[in-house]
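First up is the structure itself, then whatever we jot down about it.
The values are calculated or read from the model by the stated rules, or taken from the named source; none is laboratory data. None of these values were measured; they are calculated from a predicted model. So basically every Cβ, Gly included, is an ideal-geometry build from the backbone, and we count neighbours across all protein chains shown. When the accessible area is computed, the model is the full protein with side chains, heavy atoms only, and any ligands, DNA or RNA have been set aside. Shrake-Rupley method; radii C 1.70, N 1.55, O 1.52, S 1.80 Å.
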Amino acid sequence: MSAPNCLRCLLQLRPSVAVPRYVASRSTAAASAIPIASAWTAPFSTTTARDAKKKDKSGGGTHIRAGKKIKLGKFKKNTTADRGKAPAPGERKAYRKKILLSNNNALPVPGLADLSAEDMLNPKNAATVLSIPDAVVDQLRASEAFKPTQCWGVFRKPSVLLRSETIDLMTRMKGAAKQKQTLRLVVTGDRITGKSMLLLQAMTHAFLNDWIVVNIPEGQELTTACTEYAAIPGSDPVRYMQQNYVLKLIQAIRKANEKVFSKLSTVHSHPELPQHIPVGSPLMQLANSAKEADNAWMIFQALWQELTARGRPPLLFALDGLAHVMKVSDYRSPAFELIHSHDLALVRLFVESLSGAGAFPNGGAILAATSRGNSPRTPTMELALAQREAEQAKDAAADVPQPDPFFRGYDERVQAALRTVQVLKLSGITKLEARVLMEYWAASGILRTTVDETAVSEKWTLGGNGVVGEMERAALLTMRL
Amino acid sequence: MAALRQNITGALRGSCPGARLQWQTLDQQFHALRLGSGSGSSSSSITAAARSSSASASTSRCMSTDTHNDNSDSSSQTGFRSITAAPETAIRIVSHARPVPVSPSYFSRQPIFNDSYLTLQKLMRSYGNLPVVPAGQVERVAWNTLEDIRQTLGEQVKASDYAKCIELVKRLHAIHPTLKPEAVTEALQAFKRNVQPFSNVPNPIVVDKFGRALGVGRRKVSVARAWVVEGTGEVQVNGKSLADAFGRVHDRESAVWPLRATSRVDKYNVWALVEGGGTTGQAEALTLAIAKALMAHEPALKPALRRAGCVTRDPRRVERKKHGRVKARKMPTWVKR
């Protein structure tokens, strides 16, 4: 049997005040059995708003708990329930894709220096955390180098850990640019080992050294049939352009490379363009002329011609999610046959550059990063990267993996594209780098333990022998209060 | 000299002199009976028997078989003579032989128990002065309980008697093993339980010549083998890194918990193989495996590991489904009709 008085109301009553003296003096058993509600009278009070509330008619001011209600018609939907405002179309996706680069609740890290042009080349800077200058942050944001999955949003300022692989890659990029050669390299490695972050660092280095940067943030946007495409008229074999995507790309290039473009002017006449752009007009004018998707591909070709003309700064062409552009795309030809990704004009431009067919005359780098989280199965690419990696390992040249003779899904075009690339395999960071990173976390106020050798090695082990993303998960993203 | 021979003979026959007398008497009576019933028997055989009673026992023993061969012609000559009783012999015939029980406590209520108790007392009198091992170092033995003894002997042993007896047993057991006489060991054997739980000692884990210690752990249906070597904190599970093997951070922490609880994460490398069960089971099987291997390297860590909960195997398993229920405990949904 349930008590007649609501327990919550009982707790609110203070017996010394709420129960009048005459009730308390009637100390018989019968009196104690009477529900308090029936014996309740208003005490003297000058202020309380609660006491001034309208009394319940039946219960003398105390809430009598309702018994079990039998709800009839339980299958009828309660249409009057207020569910709040539904998010506007696209709002959820915008929230999901939101990139937050700064957090005022995080502590500013004392002694955190900004990256300068030469910092990423100095081997002494291995295992240091340096912050990205604000101007470069804007450029990186314009070229969509930041990813929503990276947790920039818990720190005061975007900062990066310079690991030994970073220094190595930047040195190679610098060497290639100096000799007017093109570094063609694929960054690969396990899940969340920092492949996209390495691309970001390469872009940072390029921006700091006034390179021109062209970035395709996600390979899948080009090949999963989510953007419009059309056959390029007069091309044989038929190539396809993606005008909307290219328009967006031109705008991103323009915005990110504004500083460099403002100093450059065109060296070619472009008679095919609808807008007349004479030789010697600023490059920004050419970039700005892309206003509509209709002629975006034409303008992109003109822009590319200008960027690869002699005497330009080095060029960095980067793409993340390589597996998506190394397979047959989801687009269909007019004959309803699947189009190979390499027949898409923009992808073709990247793949030819990567394979070495279209070298940059001013030097530079073509970087691609594989992805482990979002990557379709591409046996050819996997095999090619494994082969290149084995070939580039100094000692074990004899142990190059061979194609499976009983598998016929290999793709000749992919094989050709990846025949001569370099492969940089990322794995876990060293203990020293882990320590530096954790000290940065602690200085930012989000890691609330003492950073000593024990803590570092523990997180290093929990993160699968120093996989950065896993360390982050183990240390920052798991609530441990 | 003759007396000595007689003694030896008696010993060979397995009887005392009194018993020999009795034996002869019975022999004679037996032959007398044969004479009375059969016709071919002769007085000479009786006389021979009478003569042989004073001779050596071996002669008298073979007499019953040799009689016919030796005295066949004499019996045919004396066949017509009347039967006469055998002449009086000088031997005193004992009519009753009282069997004496071997055990002195034969007539008590619990003879077997009393016998062993007396044996123990006797041993105690003889060897009570031998040096004993300190109390903590005595080999642990599970003795038969009072119930066991009552069951096996089938005697109603008193608890107080048992207590006294087992006290003696323990005192005798404490005699230093190098000096302990064989008799004591034999006497105590009867009091030992058939199955000795203390002798069921697991094989100690050793660190092999490569510096590896192999520990095996189980949890639910998972079995983990972990090879622990001194190192820098690298962990590989089934050829994968810890992060690849366990997606959940909690599981990773459980797996390396013995190292973490003793702050040895950066001192050892672990190479492990796990099979069976799910992720939680595998992770916690690893806990036990790593803890055991770690104890091989550093036995002094055992209390710390026990406090961290890494020493005892978790015996919980999936509860079986019962009839009349949907799962182990869940009752079927109530329906009105």
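Summary table
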{"read-out": "Shape call, segment B:111-199: gyration tensor on alpha carbons, a/c limit 1.5", "value": "oblate"}
{"read-out": "Pairwise burial B:A, computed as accessible area of each alone minus the pair, summed, 1.4 Å, Å²", "value": "1400"}
{"read-out": "For segment A:300-407: accessible area per residue (Å², 1.4 Å)", "value": "42"}
{"read-out": "Radius 12 Å from Cβ of A:CYS226, net charge of other residues (Lys, Arg +1; Asp, Glu -1)", "value": "-4"}
{"read-out": "Shielding score for B:238-246, defined as the mean number of other chain Cβ atoms within 10 Å", "value": "5"}
{"read-out": "Share of carbon and sulfur in the accessible heavy-atom surface of segment A:179-239 [1.4 Å probe, %]", "value": "46"}
{"read-out": "For A:VAL423, residues with placed amide H under 5 Å, excluding near neighbours", "value": "A:VAL186"}
{"read-out": "Cβ-based net charge around A:ALA127, under 10 Å, with every Lys or Arg adding one and every Asp or Glu removing one", "value": "+3"}
{"read-out": "Amide proton proximity set for A:ASP411, modelled H, under 5 Å, gap of 5+", "value": "A:THR380"}
{"read-out": "Carbon plus sulfur fraction of accessible area for segment B:273-331, probe 1.4 Å, in percent", "value": "55"}
{"read-out": "Order by protection proxy (mean Cβ within 10 Å, highest first), peptides B:123-136, B:162-175, A:332-345", "value": "B:162-175, A:332-345, B:123-136"}
{"read-out": "Residues losing 30 Å² or more accessible surface upon assembly, segment A:455-479, compared with the chain by itself, 1.4 Å", "value": "A:SER457, A:GLU458, A:TRP460, A:THR461, A:LEU462, A:GLY464, A:ASN465, A:GLU470, A:ARG473"}
{"read-out": "Prolate/oblate/rounded label for segment A:107-426 (Cα gyration tensor, a/c 1.5)", "value": "oblate"}
{"read-out": "At least 10 Å² accessible surface lost relative to isolated chain, residues of segment A:409-446 (1.4 Å probe)", "value": "A:LYS431"}
{"read-out": "At least 30 Å² accessible surface lost relative to isolated chain, residues of segment B:251-274 (1.4 Å probe)", "value": "B:ARG252, B:GLU253, B:ARG260, B:VAL265, B:ASP266"}
{"read-out": "Whole-percent carbon and sulfur share, accessible surface of segment B:122-197, 1.4 Å", "value": "52"}
{"read-out": "Per-pair calculated FRET efficiency, R0 = 41 Å: A:HIS276 and A:PHE336 via Cβ, rounded to 0.05", "value": "0.55"}
{"read-out": "Environment charge at B:TRP143 (Cβ cut-off 15 Å; Lys +1, Arg +1, Asp -1, Glu -1)", "value": "+2"}
{"read-out": "Surface accessible to a 1.4 Å probe, A:PHE360 within the full protein complex, Å²", "value": "10"}
{"read-out": "Zone of A:ASN288's modelled label, taken as backbone nitrogen in segment A:257-278 under 19 Å from a point 7 Å along Cα→Cβ", "value": "A:257-268, A:270, A:273-278"}
{"read-out": "Shape category assigned to segment A:275-396 from the gyration tensor of Cα positions, a/c cut at 1.5", "value": "oblate"}
{"read-out": "Total charge dipole magnitude, segment A:431-477, about the Cα centre, Cβ charges on Lys, Arg, Asp, Glu only, Debye to nearest 20", "value": "80"}
{"read-out": "Estimated vicinal HN-Hα couplings, Hz - segment A:337-343 in sequence order (Karplus 6.51, -1.76, 1.60; Gly, Pro = x)", "value": "9, 5, 8, 6, 4, 6, 8"}
{"read-out": "Residue-span extension gain [B:VAL221 to B:SER263] - 0.36 nm each, minus C-alpha spacing", "value": "12.3 nm"}
{"read-out": "FRET efficiency for B:TYR106 and B:PHE198, using Cβ-Cβ distance with R0 set to 35 Å, rounded to 0.05", "value": "0.45"}
{"read-out": "Amide H contacts under 5 Å for A:ILE277, placed H, 5+ residues apart", "value": "A:HIS270"}
{"read-out": "Share of alpha-carbon pairs per 5 Å distance bin for segment A:255-332, given as whole %", "value": "3, 13, 23, 20, 17, 11, 9, 5, 0"}
